[in-house]
Amino acid sequence: MRAFFLFFLFITLNAAAQEGTIGGTVVDEGNKPLEGATVQLATMENPAFQKTVSADGAGSFLFSALPMGYYRLTVSFAGMQPLTLDSIYLRPERYDFLLGDLVVKPKAAAGLNEIVIYAEKPLIQSKDGNITFNVSESAASQGSNASDLLTQVPLVSKDADGKVTVRGKEPRILIDDKPVEMNAQQLQDLLESLPGNAIEKIEVMTNPPPQYANEQGGVINIVTRKGTVGMNGRLSVFAGTRGEKGTNGHFTYRKTGLSINVNGGISDNDYRGDGSSVRQNLYADSSNYFKTNNRYNNSAIRPNFRASIDYEISKKHQLNFVGQFNQNRSQNTSNTTFQNINRFEELYRLSQRTVGNRSQNGNRHLGLNYTFRSQRPGEVLRVFTSHWASNHTSDRLFFQEFYHPDYTPTGYDSTNQQINGTENTGYNVRIAYDRPLIGEKTFLSVGSFYTHTASDVRVDALYKSKADGSFVPIDLQSNFFLFYQDITNFRLSLKQVFQPGFSATAGLSEERTGVRFDLLKAGRDTANTNWTLLPFFNLNKTWGDINLSLSYRKSIRRPGVNELNPTRDYSDPYNTRGGNPGLLPSTADNFDLVIGRSKNALYTNLGFGYNRVHTVFSAIRTLLGDGTTETIWQNISGKREYEMSMWSGYTVARKLRLNVSASYVYNRYSDYDKQFRRYRDAGSFTSNLNLNYTFRQNFTTTGNVSFNRFANPQGVARSTVNTNLAFQARLLNRKLTLALNMTDPFFQLRNRNYTYGPNFILENFNNTQTRNFRLSIGYGFSKTTTKRQTATEKAVQNLIKS
C-alpha cells in the first residue's frame, strides 16, 4: 500500500491550477498537412478576444496561456472551405484539448462555412444499439492488456473457460476492421499480449454489418491508436503485487499517404491458487464420495510484437500490411490430494499427485489487405488476405504416491510423462464489395471468403520403469494425427432506405464446411462435409432520439480441433477428457429486438431475444463403472434460449459518468435430455457497473464492478464480485502518465461450479490469486509536438510586437 500513498502524494503536489491550451493538426482529405493554414481562436463570451496562429510544416498549431471559458476555433486555407469548431470548454477539470486531425475540405460552390459543435468523448458511447468503449479515456488503459479491458465493456464478459462472450455468445473479433482468424487459445494469447495503451477504442456491434451478419455473438472491433501527423511514441513500464512486471512501447509515424504503427513489449507474472471438489457418486443401494484438494503455482513470460503499415497508392487505391507475433512461455506446478470416502464417511483410499508442466505457445500472423474506392460515392471493394502459423508444446511430468487411510505410505507410486506437440497453419482470403444501386436509397453488398486450417497433433505418453528407471512408451495413451478444415462462404445482401431513419437489410449466405482427420496411428481417415444456408434480416427505425432494431439471423458454431481431437487426456486419472471427431456443427435461429434512446446526458437500451439452437455441442461429464468420470464433447438434441439485456449510461456531471449493463439468458432443454440425461434448465447472468470520474484536469479515476453466472446443460458456474479501480495522472503537458490499477482490492475472486449427472453430483471450488496492485509509468514523445511549440512561441512573440 506504500506505493498507493506515494502515488496520491505525487499527483496532489502536481495538481496546481494551470492555464488552458488548445492544439491540433490541420490536414486535407488525403491527410496531407496544410502548412500555413490560418487558425483563429476567439472566446464565445467576448468575440473581441482573439488569437491567430499559422500551422507549421506538419500542419500543427497550439494556443497556450488561455483563460477558462468557451471558445470558437476557425481554420481557413486558400481554396478550402473554412472549418469552425464551436463550444470548446476550458475549465479547471479539463484545461487541455488536443483536437487531433482537423480535416479541411475543398471549397464548395456555395462557399458555406462548415460549423461543428465540439463534443468531448465520454468513456462509453451507445448509438443504434452498438457500444463504443473509448479506451484512451480510461484510467485503466495504462498497464492493462486487451483481455483486461474487454471485461470492462458493457455486455462483454468471459465465460467459465475464459472465452470472450457478448450477451452469452461468442463474437467475431476484429482488429482495425480486419478479422482475426485464430482458435480460442491463440486469441486468448493475442488479447493478453496486446497492451491497453496501444488501443484507441473498442466497438461492440450487436447489430453488425452484412459481412458479419451471421456471427452469433455480433462483432467486437479493437481499434488501435494511429497517432497524429509526424512521429509519436510512448514507452511504458509496470509492476504489480501479483508478481507481474513488464514493459511495452508504441510508435507511430504519419505523413501524406503513409502511416506506420508499431508496438511491442514483454511481460511476466507469477501467481498462485487453490481449489477443492466433492463428488457424490449415487448407486442403486448406496453412495460414496470422492474429494480433492489442490494448490498450484503458475508463471509465464509473454513477448509480443505488432506492426501495421497503411499506404495510399492514390485516392482510389490503398494497401495495408499487418505482421504480428506473440508467445507465451509458462511453467505450472500443482499438488493434489485425492480421497475416496465410503457412505459411512470413512476414508478408504488416499493418494497425492504432483504435476509439473512446461509449455510454450507461439503465434505468427501476416496480413495483406487492399481497398479500392471508385469515384461513385459508397462504392468500395476490399480484399483481405492473411496467413498464420502457431505451435504449442507442453511437457508434463506426473508423480503419484499412494497412502493408507492413516497417511502411512503403501510403498506404491508411479511416474508418468506426457509430451504434446501441435503445429497449426492456415490462410484466409476474404472479398467484400459494396455499392449503391439506385440513388442513395438502395445498396448492394456481396462477398465471399475461404479459410483453410491444418493441424499436426502428436501426443506421446510414457511411464517410468521401476526396473531401470527409463521411460517406456504407453501406446494406448499416445496418438498422432492430421486435421484439416476448409470453410467456403458466399454472401449477397440488399439494403433499402425508405426514408431518413427507416431502413431494411436482407441477405443470404451459403456456407460449406469440410473436415478431415488423417488418423496416422490407426491407419485410417475420416471426413465429413456440411452445407448450410444462412439467411439474415434487419429492420431499423429511428424517431428522433428513439431507435428500434428488429433482426433475424441464422448462425453457425463450428467445432475446432480441440473439440474434435480424439486423443484422451489422462492428466487427471480420475476424470479423463477428450474430443469427438464425429461432432457436428451447431446452428441457431436468432431473433432480436433492441429499443434504445439517447438524449443529452442519458442513453438506455433494452434488448429481447429468442434463439432456437440445434445440435448443441458441449463437454458432458459421465460417471463410469470404476468410480472415475469421463468428460467428452457431445452433440445433444438442442435447446431454446430466452434472452433479455440492458445497457445504459448517465452523465451525472461533466466530471462523473456512470454506465451499467446486464444480460440474462435462460436455457431450456428438451424433455428427453432432462429425463434421461438429467440436463437442467438454467440461466446465465452477466452484469457490469462502470464509473469514470475526472476530479481535476489530467487526473482521472475509473471503477468497474462485475458479477457473472454461467449455465451449462449439467449445471452452473458462479463467481463472486470482481472489482477494478484505476487512477491515472497525466503530467508534464500530458507526456508523463502515472497509473495505479487495483484489481479485487476488497474481495478475492472465487469460482464455484456445480455439475449434476444422472448418478453423481459434483461441487468444485477454485480460488485464483486475482488481488493485484499495479503501478505503471508511461512517457510519450512527439517530434511534431516540438515543432508545434516552437512555431507557437514565434507566433505569440509576433502578436506581442504588433
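Tell me, which residue of segment 42-68 that is part of a loop (DSSP other than H, G, I, E, B) and among the small types (G, A, S) is modelled with the highest pLDDT?
Narrowing segment 42-68 to residues part of a loop (DSSP other than H, G, I, E, B): 44-49, 55-59, 67-68.
Applying the additional criterion that residues be among the small types (G, A, S) yields 48, 55, 57-59.
Numbers: A48: 75, A55: 88, G57: 77, A58: 74, G59: 81.
My answer is A55.
Would you confirm, using the coordinates I've provided, whether L366 is under 30 Å from S445 (Cβ atoms), touching a Gly at 6+ places or on another chain (Cβ under 6 Å) and either in a strand (DSSP E or B) or not assigned by TED's automatic domain parsing to the domain that holds E192 (or both)? Step through it out loud before you land on a result.
On the way: under 30 Å from S445 (Cβ atoms): yes; touching a Gly at 6+ places or on another chain (Cβ under 6 Å): yes; either in a strand (DSSP E or B) or not assigned by TED's automatic domain parsing to the domain that holds E192 (or both): yes.
In short, yes.
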Original post:
Do we find a residue being surrounded by fewer than 16 Cβ atoms within 10 Å (Cβ to Cβ), closer than 30 Å to G469 by Cβ and of a type in the set (D, E) anywhere in segment 389-398?
Top reply: yes
Original post:
Do you know which residues across segment 69-88 are over 15 Å from D28 (Cβ atoms), touching a residue at least 40 places away in the same chain (Cβ under 8 Å) and either surrounded by 15 or more Cβ atoms within 10 Å (Cβ to Cβ) or over 39 Å from the mean Cα position of the chain (by Cα) (or both)?
Top reply: Y71, L73, I88
**OP:** Check T410, T425 and return the single one that is of a type in the set (S, T, Y), under 35 Å from the mean Cα position of the chain (by Cα) and farther than 20 Å from Y212 by Cβ.
**Re:** T425
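Quick one: which residue in S277, S299, S259, S267 is under 21 Å from the mean Cα position of the chain (by Cα) and either surrounded by 16 or more Cβ atoms within 10 Å (Cβ to Cβ) or at pLDDT 90 or above (or both)?
Details: S277 fails: under 21 Å from the mean Cα position of the chain (by Cα); S299 fails: under 21 Å from the mean Cα position of the chain (by Cα); S259 fails: under 21 Å from the mean Cα position of the chain (by Cα).
Just one listed residue meets the conditions, S267.
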**OP:** Report, by residue number, each residue of segment 133-171 that is under 23 Å from I309 (Cα atoms) and within 10 Å of the chain's Cα centre (by Cα).
**Re:** N145, A146
Original post:
Quick check: is even one residue across segment 462-470 charged (D, E, K, R), under 31 Å from the mean Cα position of the chain (by Cα), at pLDDT 90 or above and not in a helix (DSSP H, G or I)?
Top reply: no
Original post:
Filter segment 283-292 for residues that are more than 21 Å from R752 (Cα to Cα) and in contact (Cβ under 8 Å) with a residue 24 or more places away in the chain; which is surrounded by the fewest Cβ atoms within 10 Å (Cβ to Cβ)?
Top reply: S286
Subject >> Single condition V446 does not satisfy, out of (1) at pLDDT below 95; (2) surrounded by 14 or more Cβ atoms within 10 Å (Cβ to Cβ); (3) of a type in the set (A, V, I, L, M, F, W, C) >> reply: (1)
**OP:** Would you be able to say whether some residue in segment 274-284 is in the same structural domain as K163 (by TED's automatic domain parsing) and either on the phi > 0 side of the Ramachandran plot or not in a strand (DSSP E or B) (or both)?
**Re:** yes
Original post:
Pairs, please: C-beta under 9 Å, at least 6 apart or cross-chain, first residue under 14 Å from N221 (Cβ atoms) and in segment 151-164, second basic (K, R) and assigned to a strand (DSSP E or B)?
Top reply: V164/K158
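I'm checking my understanding of the structure. Among residues of segment 192-206 that are of a type in the set (D, E) and at pLDDT 80 or above, which one is surrounded by the fewest Cβ atoms within 10 Å (Cβ to Cβ)? Walk me through how you get there before you give the answer.
Kept after step one, since they are of a type in the set (D, E), are these residues of segment 192-206: 192, 200, 203.
With the extra rule that they be at pLDDT 80 or above, the set shrinks to 200, 203.
Numbers: E200: 15, E203: 18.
Checked segment 192-206; the qualifying residue surrounded by the fewest Cβ atoms within 10 Å (Cβ to Cβ) is E200.
Can you name the residue in segment 730-773 that is assigned to a strand (DSSP E or B) and charged (D, E, K, R) and is also nearest to G703 (Cα to Cα) among such residues?
R730
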**OP:** With respect to N708, determine if the residue is buried (at least 19 other Cβ atoms within 10 Å of the Cβ) and closer than 30 Å to R640 by Cβ.
**Re:** yes
Original post:
So which residues in segment 671-724 are of a type in the set (A, V, I, L, M), modelled with pLDDT of 90 or more and not in a strand (DSSP E or B)?
Top reply: none
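Just the residues that are part of a strand (DSSP E or B) and either exposed (fewer than 15 other Cβ atoms within 10 Å of the Cβ) or not assigned by TED's automatic domain parsing to the domain that holds F536 (or both), please, taken from segment 493-504. Step through it out loud before you land on a result.
Narrowing segment 493-504 to residues part of a strand (DSSP E or B): 493-499, 502-504.
Selection gives Q496, F498, Q499, F502.
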Original post:
Regarding L366, is this residue in contact (Cβ under 8 Å) with a residue 40 or more places away in the chain and within 30 Å of F321 (Cα to Cα)?
Top reply: yes
Original post:
List, please: which pairs have Cβ atoms under 7 Å, are six or more places apart or on different chains, and start with a residue in segment 744-773 that is under 23 Å from E630 (Cβ atoms) and end with one that is among the hydrophobic types (A, V, I, L, M, F, W, C) and surrounded by fewer than 17 Cβ atoms within 10 Å (Cβ to Cβ)?
Top reply: R752/F765; N759/L282; F760/L282; E763/V278
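Return yes when T631 is closer than 30 Å to S287 by Cα, in contact with an Asp or Glu (Cβ under 7 Å, 6 or more places away or on another chain) and assigned to a strand (DSSP E or B) and no when it is not. If you could, list the steps in order and put the result at the bottom.
Values: closer than 30 Å to S287 by Cα: yes; in contact with an Asp or Glu (Cβ under 7 Å, 6 or more places away or on another chain): no; assigned to a strand (DSSP E or B): yes.
Spelling it out, it is not the case that T631 is closer than 30 Å to S287 by Cα, in contact with an Asp or Glu (Cβ under 7 Å, 6 or more places away or on another chain) and assigned to a strand (DSSP E or B).
Restricting the search to segment 588-611, which residues are part of a strand (DSSP E or B) and among the aliphatic types (A, V, I, L, M)? Quick ask: steps written out before the conclusion?
Taking segment 588-611 first, the residues part of a strand (DSSP E or B) are 588-599, 602-611.
A588, L593, V594, I595, L602, L606 - these are the residues of segment 588-611 that are part of a strand (DSSP E or B) and among the aliphatic types (A, V, I, L, M).
Give segment 331-358 a look and list any residue that's in contact (Cβ under 8 Å) with a residue 60 or more places away in the chain and either within 30 Å of H392 (Cα to Cα) or of a type in the set (G, A, S) (or both), or say none. Step through it out loud before you land on a result.
First pass over segment 331-358, keeping only residues in contact (Cβ under 8 Å) with a residue 60 or more places away in the chain: 338, 340, 353, 355.
Those that are in contact (Cβ under 8 Å) with a residue 60 or more places away in the chain and either within 30 Å of H392 (Cα to Cα) or of a type in the set (G, A, S) (or both): F338, R353, V355.
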Subject >> Looking only at segment 309-330, and only at residues there that are without any contact (Cβ under 8 Å) to a residue 60 or more places away in the chain and exposed (fewer than 15 other Cβ atoms within 10 Å of the Cβ), the one that is nearest to E244 (Cα to Cα) >> reply: F321
Original post:
Residue check, K163 against (1) assigned by TED's automatic domain parsing to the domain that holds K315; (2) crowded, with 18+ Cβ neighbours inside 10 Å; (3) basic (K, R), all met but one. Which one?
Top reply: (2)
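Residue by residue, here is whether (1) farther than 30 Å from L623 by Cβ; (2) of a type in the set (F, W, Y); (3) surrounded by 15 or more Cβ atoms within 10 Å (Cβ to Cβ) holds:
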residue: G469; (1), (2), (3): yes, no, no
residue: T488; (1), (2), (3): yes, no, yes
residue: R491; (1), (2), (3): yes, no, yes
residue: A506; (1), (2), (3): yes, no, yes
residue: K521; (1), (2), (3): no, no, no
residue: T529; (1), (2), (3): yes, no, no
residue: T576; (1), (2), (3): no, no, yes
Original post:
Which of the residues spanning segment 37-76 are small (G, A, S) and on the phi < 0 side of the Ramachandran plot?
Top reply: A37, A42, A48, S54, A55, G57, A58, S60, S64, S76
**OP:** Taking the options S661, S637, S648, name whichever one is assigned by TED's automatic domain parsing to the domain that holds D572, in contact with a helix residue (DSSP H, G or I) (Cβ under 7 Å, 6 or more places away or on another chain) and either within 24 Å of E137 (Cβ to Cβ) or surrounded by fewer than 16 Cβ atoms within 10 Å (Cβ to Cβ) (or both).
**Re:** S637
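The values are calculated or read from the model by the stated rules, or taken from the named source; none is laboratory data. Everything quoted here is computed from the prediction, not taken from an experiment. Cβ atoms come from the backbone with ideal geometry, glycine included; neighbour counts cover every protein chain shown.
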